[in-house]
Structure formats: structure tokens, C-alpha cells
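A short write-up of the structure that comes next.
Please treat every number below as a calculation from the coordinates, not as lab data. From a predicted model like this one, the values you see are computed outputs, not experimental measurements. Cβ: placed from backbone, ideal geometry, glycine included. Neighbour counts: every protein chain shown.
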Amino acid sequence: MLQVLGDHPDLASAYEQMTSVWISGRKVDTVYSGLESQGLCTIQGQVSGGRLVVLAAVDELLSFFPSANKCLKTALDMFGKLHSKDLPDTFAMPSLSAVHLRTGDILFCPCGYVSVEKGISDTSVAVRSLGFGYIAFFLCFSFQF
């Protein structure tokens, strides 16, 4: 069991958030882009439907778009508008990953990554957790499909 050390009032709240599980969903063709869980790593289990996910490290994304002037929102907007033929190669952005998540798939998103996600089915539902407290839960959960 993880113990909370210290007496800062925000520590208990941070501990609760780090051991929580939540559900997220997307309708078909809806797009989300942003910093994944305030920059903390997550484990995601796709419960139903599917979604396309593109992940990249924040520092590489900002370096790839120097005209964004280190503004993450601007860089994400520019990144979301790229066509597949214009995506950077592994030399320009080594962390770039793209995946088609289907029911039963599990995705690990490292710390400090941004994601652009698009729902590709009528109901796309995922269970998410910050990557610490519920790794065993997701491993067991994945074998139930």
C-alpha cells in the first residue's frame, strides 16, 4: 500500500487522483487533443468500439513546430491538421506513435505525452487509470474479453 508522506493539504487529493479509475468516451468522428492526464502516465483499456490515437512527447512536438513559440495549444492545433503524408519521420519525432485501438486493447501512455484521438465507431468507451495503482486491474480486465 502506498503511503502519503508529508502534511501538505494537496497530498491526499493527489493520492486519490493517482489511484482512481475513470471512464471516457468518444462519439464517431469526434476529436480530442491535449496533454494526457496533466502529463502523468496512464493505462487505458478499450471497453467498446474503437478509436485512432496518435501520441508524441511534448518536447518533441514543440520542437517540430518552432512557429508555435512553445505554446502547446498552438502546436497541437498544427499537429492535428497535418495529413498523414506530412507526419514527421522517426528522426524528427522519435516518440511519435499511432494506433488503432479496438475492443479489448490496452494502451500505455508515458509521462509527458500529448494525444490526438478520434472516435471511429458509434460508441467508443475506454477505462483509464493513472499508471500506478491499477496496473494489475487492467491486466486482469483484459483477459475477460
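By what distance, in whole Å, do the Cα atoms of segment 23-142 stretch along each of the three principal axes, largest value first?
43, 30, 23
Give the relative contact order (percent, whole number) for segment 23-142; include only Cα pairs under 8 Å separated by 6+ residues. The partial results should precede the final answer.
On the way: 245 pairs, mean separation 65.4, N = 120.
Taking the mean separation of contacting Cα pairs over the length of segment 23-142, I get 55 percent.
Please list, or write none, the lysines whose alpha carbon is within less than 22 Å of the alpha carbon of Lys27, excluding same-chain residues fewer than 8 places away.
Partners within reach: Lys81, Lys118.
Would you work out the charge dipole size for segment 23-142 about its Cα centre, treating the Cβ of every Lys and Arg as +1 and the Cβ of every Asp and Glu as -1, and quote it to the nearest 20 debye? Could the numbers behind the result be given before it?
Details: 10 positive and 10 negative charges, 47 e Å.
Approximately 220 debye in magnitude.
Which loop-located trypsin sites (Lys or Arg not before Pro) does segment 74-125 contain, where loop means any DSSP state but H, G, I, E or B and the Cβ has at most 12 other Cβ atoms within 10 Å? Present the calculation step by step, with values, prior to reporting the outcome.
On the way: sites: Lys81, Lys85, Arg102, Lys118; in loops: Lys81.
Here the sparse-neighbourhood loop sites are Lys81.
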